[in-house]
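Coordinate-derived values only; no laboratory data. These numbers were taken from a predicted model, which means no experiment stands behind them. FYI the Cβ positions are ideal-geometry reconstructions off the backbone, even for glycines, and counts take in every protein chain you see.
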Amino acid sequence: MEFTFYKYQGTGNDFVLIDNRQQFFPKNNTKLVRQLCDRKFGIGADGLILLELHPTANFSMVYYNADGNLSSMCGNGGRCIAHFAKQLGIIKTNATFEAVDGLHQATIKGNTISLKMNDVNKVYIDEDHSFVHTGSPHHVQLVSGLDTYNVFAEGKSIRNARYGKEGANINFVESNGNDIFSVRTYERGVEDETLSCGTGVTAVALALYETGLTSTNEVTLKTPGGMLQVTFDKTATGYKNIWLIGPAKQVYKGIWSDE
């Protein structure tokens, strides 16, 4: 089997993207997906994304975690696939596409991609953390000394002990002042810390607003892979007009061959 692939990254969250409009990719082959995402024996990525035809929208997004399994919504992946669609000539500056959690809109200005996320009706507040579902499930927890915090060990422990087999993504947050917050995330499916998580920083922004730790609806999130912005409108029933804004870039393209 031989096909063209594209490597993308959005604030260090990296993906293998494949134009699957001709339906050639073996979508049930979890072993192949794992191999493509393997950083030693494959291309290396946090996930794999297929761009496919859609009957009414510009395209469909099919997202796999690095473990080879289909997964929930990926915000940075959604921004990358919008950029990819423009590179393929499918769109110009605006896109509507379907992901696993429904329809999304995106706008492209150079390498800055703004992705509209689904409305969030509830932010769950607990004694030591918040929980928000932003297309993927997210645990949000404030910590001190984030730069040296053991995100892998603590994230893995919370992901398994609190959330069981299905799991959740675990976000650790520290304030930098002036409505800028640092975020590090342990992602399920990758089962490791990633340099950035789009649905994660979206969850963090909403949790910070809900708990009164920020009073602005334009929050800047600093991840190890770069800066992202989340904007939103608070309503009587939750949050709407949620946008995840940041860079996305094609790193390279290549040919995959099983031979």
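Scalar couplings 3J(HN,Hα) for segment 3-17, obtained by applying the Karplus form with A = 6.51, B = -1.76, C = 1.60 to θ = phi - 60°, are 7, 8, 10, 10, 9, 10, 9, x, 6, x, 7, 10, 9, 8, 10 Hz; x denotes Gly and Pro. Across 158, 81, 108, mean-square fluctuation computed from a Gaussian network of the chain (C-alpha pairs under 10 Å connected) peaks at 158. So what is the calculated 222 nm ellipticity per residue for the chain, using -39500 (n - 2.57) for each DSSP H run with n of 4 or more, over all residues, to the nearest 500 deg cm²/dmol? Using -39500 (n - 2.57) per qualifying helix, the result is -5500 deg cm²/dmol.
Candidates 87, 124, 141 compared by Cα position along the dipole of segment 55-146: farthest toward the positive end lies 87, with charges placed on Cβ.
Across 110, 145, 135, mean-square fluctuation computed from a Gaussian network of the chain (C-alpha pairs under 10 Å connected) peaks at 145. Not counting the cut sites, what is the longest span of the chain without chymotrypsin sites (Phe, Trp or Tyr not before Pro) that DSSP labels loop and that have at most 12 other Cβ atoms within 10 Å? That gives 42-259 as the longest site-free run. Taking the C-alpha atoms only, the angle from helix 198-210 to the longest principal axis of the chain is near 20 degrees.
In this structure the amide hydrogen of residue 192, modeled in the peptide plane, comes within under 5 Å of the amide hydrogens of 187, none closer than 5 places in sequence on its chain. For the residue pairs 92/222; 86/116; 222/249; 86/253; 122/156; 122/234, alpha carbon separations beyond 20 Å are given by 92/222; 122/156. Name the shape class, rounded, prolate or oblate, that the alpha-carbon gyration tensor gives for segment 1-44, where a ≥ b ≥ c are the square roots of its eigenvalues, rounded holds for a/c under 1.5, and otherwise prolate holds if a/b is larger than b/c and oblate otherwise. Oblate is the answer for segment 1-44, as a/c is 1.5 or above yet b/c matches or exceeds a/b. Panel order for 233, 179, 147, by other beta carbons found within 10 Å of each beta carbon, from fewest to most: 147, 233, 179.
Helix 151-161 and the long axis of the chain differ in direction by around 90°, with both axes built from C-alpha atoms. A straight line joining the Cα centroids of segment 135-163 and segment 50-66 runs 30 Å. Note on the chain: dipole from Cβ charges, positive end direction compared against 209, 114, 59; the farthest Cα belongs to 59.
Of the three principal axes defined by the Cα atoms of segment 61-117, the extents in descending order read 31, 19, 17 Å.
Rounded, prolate or oblate, given the Cα gyration tensor of segment 1-137, with a/c below 1.5 counting as rounded? Taking the square roots of the gyration eigenvalues as a ≥ b ≥ c, segment 1-137 is oblate. Ordered by the count of other Cβ atoms within 10 Å of each Cβ, fewest first, 187, 193 give 193, 187.
With a cut-off of 14 Å between beta carbons, the residues surrounding residue 242 carry a summed charge of 0, where Lys and Arg count +1 and Asp and Glu -1.
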